[in-house]
Structures are given as structure tokens and as C-alpha cells.
1. Spot the failing condition for A:ALA46; the list is (1) touching a Lys or Arg at 6+ places or on another chain (Cβ under 8 Å); (2) buried (at least 21 other Cβ atoms within 10 Å of the Cβ); (3) more than 8 Å from chain B (Cβ to nearest Cβ), and only one is missed.
2. Which residues, counting only those in the range A:1-25, are more than 7 Å from every other protein chain (Cβ to nearest Cβ), of a type in the set (Ser, Thr, Tyr) and surrounded by 15 or more Cβ atoms within 10 Å (Cβ to Cβ)?
3. Could you tell me whether the range A:139-152 includes any residue that is out of contact with any helix residue (DSSP H, G or I) (no Cβ under 7 Å at 6 or more places or on another chain), over 21 Å from A:TYR64 (Cβ atoms), in a helix (DSSP H, G or I) and not aliphatic (A, V, I, L, M)?
4. Would it be correct to say that B:ILE40 is over 18 Å from A:ASP164 (Cβ atoms) and in contact with a Lys or Arg (Cβ under 9 Å, 6 or more places away or on another chain)?
5. Kindly indicate whether any position in the range B:40-48 is in contact with a Leu (Cβ under 7 Å, 6 or more places away or on another chain) and over 25 Å from B:GLU84 (Cβ atoms).
6. Quick one: would you say A:VAL173 is more than 14 Å from chain B (Cβ to nearest Cβ), farther than 15 Å from A:LEU94 by Cβ and touching a residue at least 24 places away in the same chain (Cβ under 8 Å)?
7. Suppose the filter is within 18 Å of the chain's Cα centre (by Cα) and either facing another protein chain (nearest Cβ under 10 Å) or free of Cβ contacts under 8 Å to residues at least 60 places away in the same chain (or both); does B:PHE125 pass it?
8. Select from the range A:57-88 the residues that are surrounded by 19 or more Cβ atoms within 10 Å (Cβ to Cβ), assigned to a loop (DSSP other than H, G, I, E, B) and either β-branched (Val, Ile, Thr) or more than 8 Å from chain B (Cβ to nearest Cβ) (or both) and list them in ascending order.
2 protein chains.
Amino acid sequence: MQKKLYEETLKTKDIYKGSIIDVELQDVLLPNGRESKREIVNHPGAVAVICITEEDKMVLVKQYRKALKKAIAEIPAGKLEKGEKPEICAQRELEEETGIKAASLKLLDSFYTSPGFANELVYIFEAEGLRSGEKHTDEDEFVERVDVSLEEAREMIKTGEIHDAKTIYAVQVWELQKLRSKL
Amino acid sequence: MQKKLYEETLKTKDIYKGSIIDVELQDVLLPNGRESKREIVNHPGAVAVICITEEDKMVLVKQYRKALKKAIAEIPAGKLEKGEKPEICAQRELEEETGIKAASLKLLDSFYTSPGFANELVYIFEAEGLRSGEKHTDEDEFVERVDVSLEEAREMIKTGEIHDAKTIYAVQVWELQKLRSKL
């Protein structure tokens, strides 16, 4: 019989305290009494927004991602500030990156991006009641808004222009909504 | 006009060389000529398998995730060994964790899980032609197989028993396939 799925922390060593992430190395006790090590990245969490315009386009932002060594198109997103409510963060990031204000944001889901080594939790919102706001990215933030149809989004997934989990998830949400409305 | 979306690396500092992840801190040159820092987690990449049984159940494995401080149910998955082909890795992980052999594995997609700070790329396969193999997890790996219906999977997303991006993505793929077949 499988023993309880749990790992007790025996020791935690701080490896790195960064501006966005922290890294720690934990000694853990496995269910079989043996010890193992866990490398863990602590992350403040993030928000992302599914935003469909009146023209039935999804709003994406292209930006360079140093970790991937390429620019990709993603749904508008951003990291949570300390103590910030996800909905407030989502409103802010959406307007900053795209110039769109949403009358309301509906929480659709939340998910961990990389449960094997990181605790980053992303809250996904759907924007409702869009109106024009003012795009005002930080002076050190470089993003290009691009609005795409579902067919264009699918093609961008094939070419790798869309290449991250939350945006592929968002395109699927959009397609599911369309299919459900036809049944 | 937006300048080119690119960041040149000026300097790289190795922060940590771990057994699974490495961490580095890069000084980068922004498009406006200013400098910034990027914290980057290097990860070997991973595979995950969407596996639907003859009884129309999705095969999940529950395991404790130290980074999340809880056990969650995920599609079978594992890290790539150095130089390993994703398909070979997927065959191995599926059989080890679930006792299922697949006659073939079809690559559905690949995505970066956390493009803001990590280069982890996950290859998603769909298992076809299932037959019984032999479950043989490492002695220090603790996983519990659980087969769930689409309705059960959706409920598990609501309760947080399913709580990671790749598994929520997988459940969507499954639902999309069902809906498309009805149209």
C-alpha cells in the first residue's frame, strides 16, 4: 500500500534572495524514511488576462523573454506586488500593457506553472466591458500589442510565436467557449 | 515606434548549479540603452502524457509537491535526462508512473511554463494504443495512479486537487476533442 504522500522538511538552506525569485535547497524526509533534496524557487505569483475585443480578437503582447532567448506573444500578464490583490494587479497590467480598461475582471482559474520546482501561481482573469484607457508601460518595459483572431492564434501556436502555457491555455478557453456556444 | 524587442546579455553571473536547476543573474542591455537585471532558472525540460483509457478515463498521478506544500494530481510527467529524446522519456515516465505502455506517442504541443524567469519547456504527448506494462517507480518516488472522468477532472480543478498548468491544459484538450467530435 502506498504510504502517505508527504515530505517533511528537515533543513532549509537559502541559496539566493533575488529581486523577483528566491531559491532554497531543502532536505526532506520521504515516506520510506529516506532523505532527499528539493530545489525550490519561490515566486510572488502572477496574473494574466484573457481579453477578447468587440472585433472578436484576442489581445496579446509581444515581448522579449531573456530566459527563452526570443520574443513571444502572450496574454497580458504581470507579477504580483507584495500584498497586492490579484484583481487589482490584473487591472493595472492590462491597462499598462495594452491601453485597455476593463469594467470587470472575472477570475476563471488559477494554476501552478512548474510544480516540480517552483511555487509560482498564476491567476487567470477574463476581462469584461472593455473601454479605452491609456497604455503606459514602464520606461524599461518593451511590449507590442497585437490583436489576433482564433485562427491566427492557432497558427501562432504552430509557429512558436505563442509558446507559453498560460497563453496556449487562454486560446483553448476561447475555443471551448465558442464550441460550447454552438452546441 | 517600438524599438526592436531584444535584450543583449552584458554579463552573466552563476548563482547556483544544482542537480535539477541552475540559476544565473544576467545584466542585460534594454532597447532604450539602459541596463537591467534578469534572474534566470535553467531547467532541462520535461515531458507529460495525455493518456485516455478505453473506459474514457484520464490517467493521473497524485504526488506530493514540496514547492506547493501539498499533493496534487497531474498527468504523468518527468524531467528530460541529458540528451534524451522527449518521446523516449515520455514512454519511460508513463510506464514507470502508471504501469501503462503506449504503442505510440503523438506530440501535441510544447510550451514554456514560466517564460518570465525559467526556460523549462514541456513536451506534451498523447498516448495511443495502450496496453499494460509494469509500474516500477524509483524507490524514492511516491505516486498514486488515479483514473478520472472528464466531469471528475473538472471538479478536481475546482477543488484544487488538479492545480497545475499542464494538467488543466490536458483536461481542456480532452474536452475540445469531445466537443469537436460532436460538431
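1. Every listed condition holds for A:ALA46 apart from (3).
2. The answer is none; no residue qualifies.
3. Yes, that holds for at least one residue.
4. No.
5. Checked the range B:40-48: no residue is in contact with a Leu (Cβ under 7 Å, 6 or more places away or on another chain) and over 25 Å from B:GLU84 (Cβ atoms).
6. So A:VAL173 does not fit the description; no.
7. Numbers: within 18 Å of the chain's Cα centre (by Cα): yes; either facing another protein chain (nearest Cβ under 10 Å) or free of Cβ contacts under 8 Å to residues at least 60 places away in the same chain (or both): no.
In short, no.
8. A:ILE75, A:PRO76, A:LEU80
The values are calculated or read from the model by the stated rules, or taken from the named source; none is laboratory data. Predicted model, so just to flag it, every value in this text is computed and none were measured. When we count neighbours, we look across all protein chains shown, and the Cβ atoms used for this are built from the backbone with ideal geometry, even at glycine.
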